[in-house]
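In what follows, a structure is listed as structure tokens, so that the remarks can point back to it.
Derivation of every value follows stated rules applied to the coordinates shown; laboratory data play no part. Note that the structure is predicted; figures quoted are calculated from it, not measured. Cβ sites come from the backbone with ideal geometry, for glycine too, and all protein chains shown count toward neighbours.
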């Protein structure tokens, strides 16, 4: 079994995809926060629910194809805002966010600082969970390679 | 994720510029002369933002469009006339031009800029926490 097969085994590709997604989404949330005072600004986001569904479909496809040691192939569907590049990295497209429940201010910006902070906290929590799980997988690999049980 | 840090930094810079404009407005609320002593009142400053310019080194147009920048700093040359016939700079009707600045509005705007600055700071802290967490993967 090669190192590539080891790192693509089990849940590690899905966890890595989750970490990449959360890292990319943080940019979009930071963009929304930095433009909180910009007139006519429309907030953008990548939908985590859509991404979770794409990830789930990619995991199912891999399981059915029997290629457990290969990376995940996330489909590039229009409207999800997530595209997988040839090298496996993810590119998040900034899609217009669904209109929030907040009022539209006189500068035509429907800023909602509470919603943004909540999105950020949720994204950070998801990143932490995925990276902690990924780190535990790496630790297991390291122990196995070092023949320490 | 370094892009996210730059985006938050652009937000902080923009809000700080906005705060400086409001503090200058408050400081000059009663400045009714120019450097030559003429009755040309201080022009109120207003900062206008536009998206973009935050992610330096971004490779795509989408990446370069992230963040915020100061698009313009406008000046309001309108004035408030006050009746001060004893003022040596009063016109023939006894009026002196003062800046069109309401210090209460400027203070509220300054608080708004402060809160927005803090929000950008919180976003930068979250990004830093994610970076530290990612580094723990390899160390």
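Numbers at a glance
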{"read-out": "Separation between Cα centres of the range B:1-26 and the range B:70-118, rounded to whole Å", "value": "23 Å"}
{"read-out": "The protein assembly as shown - Kirkwood radius from inverse mean 1/r over Cα pairs (Å)", "value": "22.1 Å"}
{"read-out": "Average other protein chain Cβ within 10 Å of Cβ, residues A:120-131", "value": "3"}
{"read-out": "Residue B:17-residue B:82 pseudo-label distance in nm [points 7 Å out on the Cα-to-Cβ vector]", "value": "3.2 nm"}
{"read-out": "Pair residue B:26, residue B:136: separation of 7 Å Cα→Cβ label points (nm)", "value": "4.0 nm"}
{"read-out": "Acute angle (nearest 10 degrees) that the helix B:2-27 long axis makes with the longest principal axis of chain B, alpha-carbon atoms", "value": "10 degrees"}
{"read-out": "Mean Cβ count within 10 Å, highest first, over the residues of peptides B:34-41, A:17-24, A:105-112, B:18-25", "value": "A:17-24, B:18-25, A:105-112, B:34-41"}
{"read-out": "Normalised alpha carbon radius of gyration of the range B:2-135 [divisor 2.2 N^0.38 Å]", "value": "1.45"}
